[in-house]
Amino acid sequence: VVDMEQYFDQIREMATGYGVRSVFVAGDDAETVVETVREIGRLGLKAMVDTEEARTGTDNSAMMLLTHHVNITQYAIDAIFNVEIMTEASLLLCTFGSHFSRLAHEIKLARGGYSAPPVTLDVLWFVNP
């Protein structure tokens, strides 16, 4: 688990060094997303976030019971929306262990690249055999 302060340090560094103005925020934990959005606001930056994506453990458990009722079309649209807003952020601060992060990275490169280099806070994504 990466300490949240490491994320915040990277955001501060990129905002100062590269003029980053917006940061995409995602996470599996609703409380962490709220904390991150609050910190980004304190830095005077725009947080780009899909609030429907972050859920509590209770939410996740309830959704597991409803998996056979998932609207797969809406699920796919939500996934595409999340990748798109990731590509629009001026800073991609993520974990490249995530397929979504890697896809957003590739799209951003195809569209002309970054004003600030992406920051990954996990090990290189090719480490899994």
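List of remarks:
- In the set (1) at pLDDT 85 or above; (2) open to solvent by less than 90 Å² (accessible area, probe 1.4 Å); (3) among the acidic types (D, E), E106 fails one condition alone, (2).
- Pairs meeting the criteria (first residue in the stretch 1-24 and open to solvent by 80 Å² or more (accessible area, probe 1.4 Å), second residue of a type in the set (S, T, N, Q), beta carbons under 9 Å, at least 6 apart or on different chains) are Y18/S90; Y18/S115; R21/S90.
- Check on S98, at pLDDT 75 or above and hydroxyl-bearing (S, T, Y): yes
The values are calculated or read from the model by the stated rules, or taken from the named source; none is laboratory data. Please read these numbers as outputs of a predicted model, since none were measured by experiment. So basically every Cβ, Gly included, is an ideal-geometry build from the backbone, and we count neighbours across all protein chains shown. All accessible areas refer to the heavy atoms of the entire protein, side chains included, with ligands and DNA or RNA removed. Shrake-Rupley method; radii C 1.70, N 1.55, O 1.52, S 1.80 Å.
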